[in-house]
Amino acid sequence: MAEIFFWTVLLLLEKEGGAMKVVGVIPARYASSRFPGKPLADIHGKPMIWWVYQQALKVPELNEVIVATDDQRIQTVCQSLSLQVLMTSDKHPSGVDRISEVAALVSSNIYVNIQGDEPLIRPEAISQVIGALRDTVVYATLKYKLTDRKEAESHNTVKIVVDENNDAMYCSRSMIPHSDISLNNTYRLMGLYAYRRDFLIEFGKMPQSKLEIAEGGVEPLRVMEKGYKLRALDTRYTSIGVDTTRDLQRVIEILRQ
């Protein structure tokens, strides 16, 4: 954690000197097949996207936070709540493609992909993934060890295996390693990514890959197939992705408490 703190401080110093800009982007799509209208789901009187945005505002490294959407309904709600919002194409196959469009419109050194369905995302996790972009790293994320077998076996949970340098070897919705009964080596890939600008724009130009499609839209596979490295650091900060109405009720209860 000391090393991460060092790089975070360095980024802050560079930002104050005008040399570094970091933008958080929250991709928000209305037409979800599993949960239509999810970004606007009500949580204690505010839409889910509002809660995510408020967590992002707590991150000291972020100069700007933008909701990127293709839906007029989401844009209207964001504007009514004074959330910065940018309309993007409705042709994007994934959130990272949407963020790539933002990168072409909004200049920054680093962009952070903050999932719009994680209203409990920890600001510290966002800071950590920004700090992972050091040396020659152009693409970074976080992972944490799974302890619940039901979560590990869920199709909604993307698992990741890494090499000795913490660079991803593969990501899958299936159990990997396949027979890790004790879950000693089973890690969840967090849907939180940081990219350098040139890499992100190049990412958005690539067509979806065969493995990405086969795994149900696991975007990192698109560039991993081409030899790019994804640095995946261990984190102690976990979150709850809202994939179903049951997940939503769980989040509502946690925030009530």
Next on the checklist: free of Cβ contacts under 8 Å to residues at least 40 places away in the same chain and not in a strand (DSSP E or B): is that true of Q249 in this structure?
Outcome noted: yes
Next on the checklist: On the basis of being surrounded by fewer than 18 Cβ atoms within 10 Å (Cβ to Cβ), more than 30 Å from N109 (Cβ to Cβ) and in contact (Cβ under 8 Å) with a residue 40 or more places away in the chain, does H178 make the cut?
Outcome noted: no
Item to check | Residue that is among the hydrophobic types (A, V, I, L, M, F, W, C) and closer than 24 Å to P119 by Cα, where the choices are I130, I181 | outcome: I130
Checklist outcome for this item: How many residues of the range 144-180 are in contact with a strand residue (DSSP E or B) (Cβ under 6 Å, 6 or more places away or on another chain) and of a type in the set (G, A, S)? The answer is 2
Checklist entry - Looking at N109, N113, which is the one that is surrounded by fewer than 19 Cβ atoms within 10 Å (Cβ to Cβ) and either among the basic types (K, R) or modelled with pLDDT of 95 or more (or both)? => result N109
Checklist entry - What is the number of the single condition among (1) among the hydrophobic types (A, V, I, L, M, F, W, C); (2) more than 20 Å from D97 (Cβ to Cβ); (3) touching a residue at least 60 places away in the same chain (Cβ under 8 Å) that A168 does not meet? => result (2)
Item to check | T244, sole failed condition from (1) farther than 26 Å from Q55 by Cα; (2) among the polar types (S, T, N, Q); (3) under 19 Å from the mean Cα position of the chain (by Cα); (4) modelled with pLDDT under 95 | outcome: (1)
Checklist entry - Could you say whether any residue in the range 180-189 is of a type in the set (A, V, I, L, M), in a strand (DSSP E or B) and in contact with a Lys or Arg (Cβ under 9 Å, 6 or more places away or on another chain)? => result yes
Item to check | Any chance T141 is outside any helix (DSSP H, G or I) and in contact with a strand residue (DSSP E or B) (Cβ under 9 Å, 6 or more places away or on another chain) | outcome: yes
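The values are calculated or read from the model by the stated rules, or taken from the named source; none is laboratory data. No experiment lies behind these values; they were computed from the predicted model shown. Note that we place each Cβ from the backbone using ideal geometry, even for glycine, and neighbour counts take in every protein chain shown.
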